[in-house]
Amino acid sequence: MATIVNTTEEEPMLAVVRFTAELAWADAGPEVADPEVTRLCLEAQEHILAGRWLDMASLMLASADLLLTSPSRVPDKDLECILSVICSLVTKAGSEDQALQITDLICAKLTQQADDKPALRLKVLFSLYNLLPSPYGKAFVYKKALELATAGKAAECIIPSFKNIDSFVSEWGIGNLEQRELYLAIARILKDHKGTTKEYFNFLNKYLATFKGSDDDSATIGDAKEEAVAAIIEFVKSSTLFQCDLLNMPAVAQLEKDEKYQLVYELLKIFLTKRLDSYLEFQTANSALLKDYGLVHEECITKMRLMSLLDLSSHCSSEIPYSAITSALQINDDEVEQWIVKAIAFKILDCRIDQLNQTVIVSRHTERIFGMPQWQGLRTKLGVWRGHVASAINTIQANKVTDEGTQGMQGLMIR
């Protein structure tokens, strides 16, 4: 198999055209193939000399079409090399618009037959992404990579990049609607991928948060109902999530008056604002609904007991009597410490147990909902803390001045 050797700035492009043209016309015989290969190479030279990089991209992609539709005819390394040379054309474009046009051509070609070597195609797309200086171009290529990963069932190749999405979105400067499409596409990829439940829930949250409840959202917010339900079910199912902001999101709040999903909203409300007794009452009346959504009653009871403990912590000054815990969690006296230890293990409660007085002294607890009231409470606590620190500093400085004055007087007396 021929090897492409980079010896000059232009030669890699001409080498790609020659290599792909020879493969394309190989079955026609030398009498037909040689003139065609020569013609294509001359055309490529003209484009290079004239700086017609968009035309060059079209020519090279047309020549490489056989390799993409029949990739078995060339090793993966050679195919990747060829496609990388084509991608490098975006760095030669005379303007941002021309670079974006070249990018569009490359992406259109790579996303065809997505199920054929999707990992290699994605690798080339990411190379293209890194070559583009334009934030818009980067966002466009990443969107195409998401589409390719979905169609080619190659989620594992793109999921590692999701941890950088916040920085990507900041770099791209895309608007709310574009962010909404991005988060939904990512959530759908994660939904069908094992071991990414937490990430799936996080991107559902990001998607739902793009609906602000404004008039601009009125025509589309209804489209988010299924994702809102999915987020609620994921939260209720999770054995490690004890806080969320779903309840007051407009995309979720719309379910409260929805005939089909209002019970799902009520379930979320119970987990975030009520205690175990409310859940048990709900379960008695809606056991079929819970089963339909794959919720296990015993697991829900476990989570609601921990949620009830958090509710007790938020309504007490600092001490919770054992009797209050046994009543709220519907457990025996000898089970109290077991549930306190469980809450500490989940890092949702910091406390100490006073066995003598049968109380739990809470120093910190997780808020089930962290909205504006919680932010205001945190601001108040920080203000108090700041005042205490300032007072301590003033006291230290005053004591220092006193000590220095005393030492000075002692020095005078000695003299």
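For the range 15-98, carbon and sulfur atoms together expose 52% of the accessible surface, with a 1.4 angstrom probe and every protein chain in place.
The residues of the range 174-273 expose, per residue, 49 Å² of accessible area to a 1.4 Å probe.
Between 181, 281, 266, the Gaussian network model of the chain with springs among Cα atoms under 10 angstrom shows the greatest mean-square fluctuation at 281.
Given their separation in residues at 0.36 nm each and the Cα-Cα distance between them, residue 134 and residue 65 gain 22.2 nm when the chain is fully extended. A simple rule links phi to the HN-Hα coupling: the Karplus curve 6.51 cos²θ - 1.76 cosθ + 1.60 with θ = phi - 60°, which for the range 216-221 gives 5, 8, 4, 7, 10, 4 Hz, with x for Gly and Pro.
Each peptide in 105-111, 81-87 was scored by the mean count of other Cβ atoms within 10 Å over its residues; highest first, the order is 81-87, 105-111. Working note: Karplus 6.51/-1.76/1.60 with θ = phi - 60° gives the range 74-81 the couplings 9, x, 4, 5, 5, 5, 5, 4 Hz, where Gly and Pro are set to x. Among 100, 246, 356, the largest mean-square fluctuation in a Gaussian network model of the chain, built with springs joining Cα atoms closer than 10 Å, belongs to 356.
Sorted by packing (mean other beta-carbon atoms within 10 Å per residue), highest first, where do 89-95, 182-188 land? Before the final figure, lay out each step's value.
Working: 89-95: 16.1, 182-188: 20.9.
Top of the packing list down: 182-188, 89-95.
First compute the accessible area of the range 174-273 with a 1.4 Å probe, then give the percent of it belonging to carbon and sulfur atoms. Reported share for carbon and sulfur atoms: 46 percent.
For the range 174-273, calculate the relative contact order in percent as a whole number, restricting contacts to Cα pairs under 8 Å that are 6 or more residues apart. If you can, show how the numbers build up before the last one.
Details: 93 pairs, mean separation 23.5, N = 100.
Here the relative contact order equals 23 percent.
In the context of the full set of protein chains, the range 279-355 has a per residue accessible area of 53 Å² (1.4 Å probe). Note on residue 335 and residue 256: the extension gain reaches 24.8 nm, defined as 0.36 nm multiplied by sequence separation minus the Cα-Cα distance. Partners of residue 257 within straight-line reach, counting aspartates and glutamates whose Cα lies under 13 Å from its Cα and excluding those fewer than 8 residues away in the same chain: 266. Return the label of the correct value of Cα extents along the principal axes in Å, as calculated from the structure shown, out of (1) 101, 89, 44; (2) 59, 51, 48; (3) 97, 51, 49. Matching entry in (1) 101, 89, 44; (2) 59, 51, 48; (3) 97, 51, 49: (1). Classify the range 174-273 as rounded, prolate or oblate from the Cα gyration tensor: take a ≥ b ≥ c as the square roots of its eigenvalues, call it rounded if a/c is under 1.5, otherwise prolate when a/b beats b/c and oblate if not. Because a/c hits 1.5 or more and a/b fails to exceed b/c, the range 174-273 counts as oblate. Backbone phi angles across the range 196-212, fed through the Karplus curve with coefficients 6.51, -1.76 and 1.60 (θ = phi - 60°), yield HN-Hα couplings of 10, 4, 5, 5, 4, 4, 4, 6, 4, 4, 4, 5, 5, 5, 6, 8, 8 Hz in residue order; Gly and Pro are listed as x. Per residue, the average separation of C-alpha pairs within less than 8 Å and at least 6 apart gives the chain a relative contact order of 8 percent.
The values are calculated or read from the model by the stated rules, or taken from the named source; none is laboratory data. Fair warning: this is a prediction, and the values are worked out from it, not measured in the lab. Neighbour counts are summed over all protein chains in view; Cβ atoms, including those assigned to glycine, are modelled from backbone coordinates with ideal geometry. In case anyone asks, the SASA skips ligands and DNA or RNA and just uses the protein heavy atoms, side chains included. Shrake-Rupley method; radii C 1.70, N 1.55, O 1.52, S 1.80 Å.
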